[in-house]
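Student: To start, I am sharing the structure in question, which I have written as structure tokens.
The values are calculated or read from the model by the stated rules, or taken from the named source; none is laboratory data. Just so it is clear, the structure is predicted and the values come from calculations on it, not from any experiment. So basically every Cβ, Gly included, is an ideal-geometry build from the backbone, and we count neighbours across all protein chains shown. We work out accessible area using only protein heavy atoms, side chains counted, and drop any ligands, DNA or RNA first. Shrake-Rupley method; radii C 1.70, N 1.55, O 1.52, S 1.80 Å.
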Amino acid sequence: MKTLIIIPAYNEQENILNVIKRLQQKVPEMDYLIVDDCSMDNTAGICKMYGCSYLSLPINLGIGGGMQAGYKYALENGYEIAVQHDGDGQHDPAYIRQAVEPIVKNRADIVIGSRFLKQEGFQSSTTRRIGIRLLSTLVYLCGKTRIKDVTSGFRAVSKEYIRYYAKDYPSDYPEPEAIVMASLHGARICEIPVVMYERESGVSSINRKRAIYYMVKVSIAIVLSRLVGRRK
């Protein structure tokens, strides 16, 4: 099935080429699109210099806006599966075929790569793991879907949900809310075990202060998604 790997990237000049090289080695049959979210560094320049497939946003939209741009591109170009793959080197493209397999075999609409199923590789900090568990519980209460790694940015979606997310996608720290939205829409969602790594270079955009904002904002958004139904 025609598959697009969407790579949201913000200030990833030190990582992006290694990410693309690994993708080309592990899944050369799949297309990719780097969505440069108006980076302040030379991410876009590196993509242009090395002939990468990329889209450069004129303003910073956050990961949600970047992913929605990628889904719109996938929809307009006839892709049947879209895979979200971060640009910081944390994700291993060796798991991409496993992620798309349940969709190809019509067993799932959305597949999430979880670092917590086998608890191998980088498990994040203790504080973040506690936050993820709380969000996982909230996602289950609001979306009736049991997902352990609700903040995972490694996921694959079917053509139906390419179309759905191209029209409506959370704008800021979107991953948990996107699960609830899709669950309320009737999506079949599953997890597969993956190994993730620590960021290779650069600094995460989520520091301790922003982590508190993240928890509050995402929790409110999840509850609101449940209250209004988000059935589109």
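Student: How many of the residues making up region 2-14 are within 16 Å of Gln84 (Cβ to Cβ) and not in a strand (DSSP E or B)?
Tutor: Step one: list which residues in region 2-14 are within 16 Å of Gln84 (Cβ to Cβ), which gives 3-10, 12.
With the extra rule that they be not in a strand (DSSP E or B), the set shrinks to 10, 12.
Total satisfying the criteria: 2.
Student: Does Leu117 satisfy the criteria of being in a helix (DSSP H, G or I) and either within 11 Å of Ile192 (Cα to Cα) or open to solvent by 10 Å² or more (accessible area, probe 1.4 Å) (or both)? Write out each step before concluding.
Tutor: Details: in a helix (DSSP H, G or I): no; either within 11 Å of Ile192 (Cα to Cα) or open to solvent by 10 Å² or more (accessible area, probe 1.4 Å) (or both): yes.
Spelling it out, it is not the case that Leu117 is in a helix (DSSP H, G or I) and either within 11 Å of Ile192 (Cα to Cα) or open to solvent by 10 Å² or more (accessible area, probe 1.4 Å) (or both).
Student: Say whether the condition of being among the hydroxyl-bearing types (Ser, Thr, Tyr) and within 27 Å of Val180 (Cβ to Cβ) is met by at least one residue in region 77-87. Before you say what the answer is, go through the steps one by one.
Tutor: Of the residues in region 77-87, the ones among the hydroxyl-bearing types (Ser, Thr, Tyr) are 79.
Cutting the leftovers down to within 27 Å of Val180 (Cβ to Cβ) gives us 79.
So far as region 77-87 goes, yes, one or more of its residues are among the hydroxyl-bearing types (Ser, Thr, Tyr) and within 27 Å of Val180 (Cβ to Cβ).
Student: Follow-up. Condition first: in contact with a Cys (Cβ under 9 Å, 6 or more places away or on another chain), in a loop (DSSP other than H, G, I, E, B) and surrounded by fewer than 22 Cβ atoms within 10 Å (Cβ to Cβ). Now tell me which residues in region 82-108 satisfy that.
Tutor: Across region 82-108, the qualifying residue is only Arg107.
Student: Could you please find all residues in region 27-81 being at positive phi and either among the hydroxyl-bearing types (Ser, Thr, Tyr) or in a helix (DSSP H, G or I) (or both)?
Tutor: Taking region 27-81 as the starting set, the residues that turn out to be at positive phi are 38, 51, 62, 78.
Within region 27-81, just Gly62 meets the criteria.
Student: Among the residues of region 1-55, what is the count of those that are open to solvent by 60 Å² or more (accessible area, probe 1.4 Å) and hydroxyl-bearing (Ser, Thr, Tyr)?
Tutor: Total meeting the criteria: 3.
Student: May I ask you to list pairs of residues, at least six apart or on different chains, whose Cβ atoms are under 7 Å apart, with the first in region 41-54 being within 15 Å of Asp88 (Cα to Cα) and the second being among the charged types (D, E, K, R) and open to solvent by less than 30 Å² (accessible area, probe 1.4 Å)?
Tutor: Final answer for the pair search is Thr43/Glu12; Thr43/Asp36; Ala44/Asp36; Cys47/Asp36.
Student: So for region 166-177 (the condition being of a type in the set (Asp, Glu) and at pLDDT 95 or above), does at least one residue qualify?
Tutor: Taking every residue of region 166-177 in turn, none turns out to be of a type in the set (Asp, Glu) and at pLDDT 95 or above.
Student: Of the residues Ala74, Ala44, which single one is modelled with pLDDT of 95 or more, touching an Asp or Glu at 6+ places or on another chain (Cβ under 7 Å) and of a type outside the set (D, E, K, R)?
Tutor: Answer to the check: Ala44.
Student: So, one more: Could you check how many residues of region 120-145 are open to solvent by less than 80 Å² (accessible area, probe 1.4 Å), outside any helix (DSSP H, G or I), out of contact with any helix residue (DSSP H, G or I) (no Cβ under 6 Å at 6 or more places or on another chain) and free of Cβ contacts under 8 Å to residues at least 60 places away in the same chain?
Tutor: 3
Student: Another one. Considering only region 146-153, I want to know if a residue exists there that is in a loop (DSSP other than H, G, I, E, B), out of contact with any Asp or Glu (no Cβ under 8 Å at 6 or more places or on another chain) and not hydroxyl-bearing (Ser, Thr, Tyr).
Tutor: Yes, some residue in region 146-153 is in a loop (DSSP other than H, G, I, E, B), out of contact with any Asp or Glu (no Cβ under 8 Å at 6 or more places or on another chain) and not hydroxyl-bearing (Ser, Thr, Tyr).
Student: Additional query: Residues being more than 17 Å from Glu101 (Cα to Cα), open to solvent by 10 Å² or more (accessible area, probe 1.4 Å) and either charged (D, E, K, R) or outside any helix (DSSP H, G or I) (or both): count how many of those fall in region 165-195.
Tutor: Residues that pass the stated criteria total 11.
Student: Considering only region 148-164, I want to know if a residue exists there that is over 18 Å from the mean Cα position of the chain (by Cα), open to solvent by 80 Å² or more (accessible area, probe 1.4 Å), at pLDDT below 95 and farther than 25 Å from Asp37 by Cα.
Tutor: no
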